[in-house]
């Protein structure tokens, strides 16, 4: 904005100089002033005109070079080269344009890289169930396998795996697009946590893991109960998967600084320190994980859709805690 004001000022000086020249010529033509006054007016006007041209030319050159670089880089981006960057130089407004362009292309490049990784990962995830389905069906057709319940059940289970993966990807894509619909209603999260514990009780007993939930006296909160239950189920399933026999998994609900806090803790192996920052990324999996790597990414998307946040930390000694926080304005 300041640069534009300066240029307008220079244009005003040019107009002033042109006016002085015109007055000088007119005065000379009609003899209305002394010879010295005419020379002074004409010389002053010419000097102002030349200085104005010099200043405008310098300003235009300083702006034209960087803007030309941005235009060339924009053409590269249009051709699919998201690595294009420009040097932030020139006047302040042009430097800001360069920085904004670099930030935009960096986001485009990150989005493109994520899209490519997503396509590769989805292809990898679908390849295994499709191979199982194909192998069993070809075996049945060729007479190698009997068309009995055992082999048909294996095919059916793999279709369920594919369906769950596609459902997870749909949730993530709609959340990314800001189109995830939430059916909010006043919900007792303590009761919801108890329902999740009851649902996972058989799996916890089979793994010899103590699963429990506890909560303070909390008011109902205005959330989508199905989505929050999905978050808790993801967190509990993940905790059970990484907790050895004899361990514990707990769901603890409390209130802190006007926010409702839901913490799912386990006494498992914990989260490798190098993975703490990426634990909620898509397809972030440990070596012994048997899931698709989408559970925590989905949990993060659903919590953020409610206006909350989610955190991961290692507990002192061993185990991990995943903590979700819902803001005060979500409460009823």
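Listing for the model above:
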| read-out | value |
| --- | --- |
| Number of positions in the stretch 184-198 that are closer than 23 Å to residue 245 by Cβ and surrounded by fewer than 16 Cβ atoms within 10 Å (Cβ to Cβ) | 1 |
| Candidate set: the stretch 313-332, residues that are in a loop (DSSP other than H, G, I, E, B) and under 16 Å from residue 264 (Cα atoms); chosen: the one modelled with the highest pLDDT | 319 |
| Members of the stretch 261-286 found to be modelled with pLDDT under 90, within 26 Å of residue 215 (Cβ to Cβ) and over 24 Å from the mean Cα position of the chain (by Cα), listed by number | 268, 270 |
| Count - residues of the stretch 287-312 that are under 24 Å from residue 245 (Cβ atoms) and either within 22 Å of the chain's Cα centre (by Cα) or modelled with pLDDT of 75 or more (or both) | 3 |
| Index of the failed condition, residue 75 passing every other in (1) modelled with pLDDT of 60 or more; (2) surrounded by 12 or more Cβ atoms within 10 Å (Cβ to Cβ) | (2) |
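The values are calculated or read from the model by the stated rules, or taken from the named source; none is laboratory data. As the structure is a computational prediction, the values presented were derived from the model and not from experiment. We place every Cβ from the backbone using ideal geometry, glycine too, and count neighbours over all the protein chains shown.
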